[in-house]
1. Using the structure shown, decide if ILE197 is open to solvent by less than 70 Å² (accessible area, probe 1.4 Å), farther than 24 Å from ASP212 by Cβ, among the hydrophobic types (A, V, I, L, M, F, W, C) and under 26 Å from the mean Cα position of the chain (by Cα).
2. Among all residue pairs at least 6 apart or on different chains, which show Cβ distances below 8 Å where the first residue, located in the stretch 109-127, is farther than 24 Å from ILE65 by Cβ and touching a residue at least 12 places away in the same chain (Cβ under 8 Å) and the second is open to solvent by 20 Å² or more (accessible area, probe 1.4 Å) and part of a helix (DSSP H, G or I)?
3. Starting from the stretch 197-217, keep only residues that are in contact (Cβ under 8 Å) with a residue 40 or more places away in the chain and closer than 21 Å to ARG241 by Cα, then list their pairs with residues that are assigned to a strand (DSSP E or B) and open to solvent by less than 40 Å² (accessible area, probe 1.4 Å) whose Cβ atoms are within a distance under 8 Å, requiring at least 6 positions of separation or different chains.
4. Residue check, LYS237 against (1) touching a residue at least 40 places away in the same chain (Cβ under 8 Å); (2) assigned to a loop (DSSP other than H, G, I, E, B); (3) surrounded by fewer than 18 Cβ atoms within 10 Å (Cβ to Cβ), all met but one. Which one?
5. With the requirement that a residue be under 23 Å from LYS17 (Cα atoms), loosely packed, with under 15 Cβ neighbours inside 10 Å and modelled with pLDDT of 95 or more, what does the stretch 179-194 give you?
6. Condition test on TYR86, is it farther than 24 Å from ARG135 by Cβ and surrounded by 15 or more Cβ atoms within 10 Å (Cβ to Cβ)?
Amino acid sequence: IKQLQEKLDKKELEEEKRWYGKHNFRNLIQVLKKEKPDILVVIWPYVLGFVLLPGWYRTIKKLGIKLVYKDIPFNIPKYNKSLKFYRKHHNWGISQKLYYLLVRELIKKYLNKMDAHVYYTEEAYDIIPTYAVPREKIHIIYNSPDTDRLFSIREEIQNDTAEQTGNVKQILHVGRLVAWKNVDLLIEAFDQVQKKIPQSRLIIIGTGPQKDKLQKLAKEKGISDKVSFEGGIYDEKTLARYF
């Protein structure tokens with residue numbers, strides 16, 4: 001993980017928008033050829049690359065890399081109920097129906113290119129097999145932290161000298177900077193907060209394709225000096241100190 005993070009920092013795996021409108025990693029295949037991992041864990045929307053970028057999947061198979069897809073199952077409707085699901089959430093017409101028919105088949109295609117699936121809840125057993133994925137490829141890993149380790153780290157660092165912030169009120173956000181997490185709304189809300197509480201500040205930990213856009217938003221709001229972008233932090237002790 002640390003090696004891959006170093007590559008991200010060095011821009012070897014910089015994210016860019018691909019022709020289908022979603023982000024993926026530049027030079028991913030070159031990095032995989034060099035690192036030669038046994039398993040690659042894939043999440044949305046990066047999984048699209050193995051269907052929509054010619055040669056990616058063939059190269060993965062030649063390298064003998066197993067693909068594991070990880071997702072939250074309730075983001076995916078059942079195959080036979082997908083059109084009803086999309087119709088409920090989007091404007092509807094003939095063109096939209098054709099589009100979501102294609103979306104449904106695209107989901108089926110990338111799900112069946114995976115060697116295994118891991119999901120957070122048992123809903124996956126009801127949803128994913130409707131896309132012709134064998135049940136034995138589906139595994140449930142509940143989304144729960146290792147609390148024993150977290151408490152151990154807290155105990156280890158509790159006597160560290162804490163930063164003296166005085167009357168500063170701090171808001172901490174930790175997560176990938178992607179559109180569906182709506183960090184832009186957090187910045188807009190913080191803009192209102194800091195007008196009423198001038199001594200407040202917002203700390204954002206994480207990286208992702210929305211970073212430049214979010215920094216620009218903070219600048220436009222005139223609060224760049226109060227919004228701190230710390231980047232991705234993966235060391236548990238360092239992250240614990242922020243908390």
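1. Working: open to solvent by less than 70 Å² (accessible area, probe 1.4 Å): yes; farther than 24 Å from ASP212 by Cβ: yes; among the hydrophobic types (A, V, I, L, M, F, W, C): yes; under 26 Å from the mean Cα position of the chain (by Cα): no.
Spelling it out, it is not the case that ILE197 is open to solvent by less than 70 Å² (accessible area, probe 1.4 Å), farther than 24 Å from ASP212 by Cβ, among the hydrophobic types (A, V, I, L, M, F, W, C) and under 26 Å from the mean Cα position of the chain (by Cα).
2. These pairs meet every condition: THR121/PHE74; GLU123/PHE74; TYR125/ARG135; ILE127/PHE74.
3. Qualifying pairs under 8 Å: THR207/GLY231.
4. Going through the list (1) touching a residue at least 40 places away in the same chain (Cβ under 8 Å); (2) assigned to a loop (DSSP other than H, G, I, E, B); (3) surrounded by fewer than 18 Cβ atoms within 10 Å (Cβ to Cβ), LYS237 breaks only (2).
5. Within the stretch 179-194, the first condition is being under 23 Å from LYS17 (Cα atoms), and the residues that meet it are 179-185.
This time we only want the ones that are loosely packed, with under 15 Cβ neighbours inside 10 Å, so: 179-180, 182, 185.
Matches in the stretch 179-194: LEU185 only.
6. yes
The values are calculated or read from the model by the stated rules, or taken from the named source; none is laboratory data. Predicted model, so just to flag it, every value in this text is computed and none were measured. All Cβ positions, even for glycine, are placed from backbone atoms using ideal geometry, and neighbour counts span all protein chains on display. Accessible surface is based on the protein model in full, side chains and every heavy atom, while ligands, DNA and RNA are left aside. Shrake-Rupley method; radii C 1.70, N 1.55, O 1.52, S 1.80 Å.
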